[in-house]
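Here is the structure we will look at.
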Amino acid sequence: DGGITQSPKYLFRKEGQNVTLSCEQNLNHDAMYWYRQDPGQGLRLIYYSQIVNDFQKGDIAEGYSVSREKKESFPLTVTSAQKNPTAFYLCASSSEGNTEAFFGQGTRLTVV
Amino acid sequence: AQSVSQHNHHVILSEAASLELGCNYSYGGTVNLFWYVQYPGQHLQLLLKYFSGDPLVKGIKGFEAEFIKSKFSFNLRKPSVQWSDTAEYFCAVNPAGAAGNKLTFGGGTRVLVKP
């Protein structure tokens, strides 16, 4: 099936540790995105990439890093610098142009 | 930068009632408009979208939305809801012609339909 796979579904991290969230898509989409979802705040854009080996900061990039070495993959690292990392993280992808964005099922990160 | 407001955070209604969720955006230029839905335990999926043309757009599962440019609004409606419409609904916009699809989302509205 074509789609976006995020793993793991649930992730626990100790304070001070970096953690990487995986996002893979087999839709042959050029663009990929990371959003953070908090209750009552909707989704906020962390980072996005429109092409391999290129990415841009979104609205809340501080404390996060990404890479885009392959078209299919866009991993997100939540670093120890992120002050409030407990959240639900959603990865999305879209083809070129103003078309529909497809979302993964999300990763719920909890800092303990 | 654009912003999106969804005025109702929670809506509770009974089956067969009509539903209308408000969405207003702020942006000086032309926008593309979307409604996404997130059913419990499922991924976010597109309900409907507006790019241009007829301002009344129809989506899946009997939903429709009307774009009123003068009011910067894109309200979502369904004449008769079902228990299965229980979900969180998100309005989103992105500037027309913008490279990529950097959606700006509203805060979401949780809808609970009582059987």
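Any read-out appearing in this document is the output of simple, stated calculations on the displayed coordinates, not a laboratory observation. Because the structure is predicted, anything quoted here is derived from the model rather than measured. Glycine gets a Cβ as well: all are built from the backbone with ideal geometry, and neighbour counts include every protein chain shown.
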Projected-area average for segment B:53-115 over all orientations - Cα convex hull basis, square nanometres: 5.4 nm²
Relative exposure of A:Ile4, B:Ile68, A:Ile46, judged by other C-beta atoms within 10 Å (fewest first): B:Ile68, A:Ile4, A:Ile46
Cβ-defined net charge surrounding A:Val111, 13 Å radius [Lys, Arg +1; Asp, Glu -1]: +3
Pairs of lysines in the protein assembly as shown (C-alpha under 19 Å apart; 8 or more residues apart or interchain): 17
Chain A, relative contact order [Cα under 8 Å, separation at least 6], %: 35 percent
In range of the label at A:Asn26: residues from segment B:11-53 whose backbone nitrogen is under 16 Å from the point 7 Å along Cα→Cβ: none
Rh (Kirkwood; distinct C-alpha pairs) - segment B:17-57, Å: 12.5 Å
Peptide-level mean, for A:30-40, of C-beta atoms on other protein chains within 10 Å: 3
Inter-chain shielding of B:37-44 (mean C-beta neighbours from other protein chains, 10 Å cut-off): 4
Square roots of five times the Cα gyration tensor eigenvalues for chain B, Å: 24, 14, 13
Kirkwood estimate for the protein assembly as shown, i.e. one over the average of 1/r between Cα atoms, Å: 18.1 Å
Coordinate range along principal axes, alpha carbons of segment A:15-112, Å, largest first: 38, 29, 21
Inter-label distance for A:Glu15 and B:Ile12, nm, one decimal - labels placed 7 Å from Cα along Cα-to-Cβ: 3.6 nm
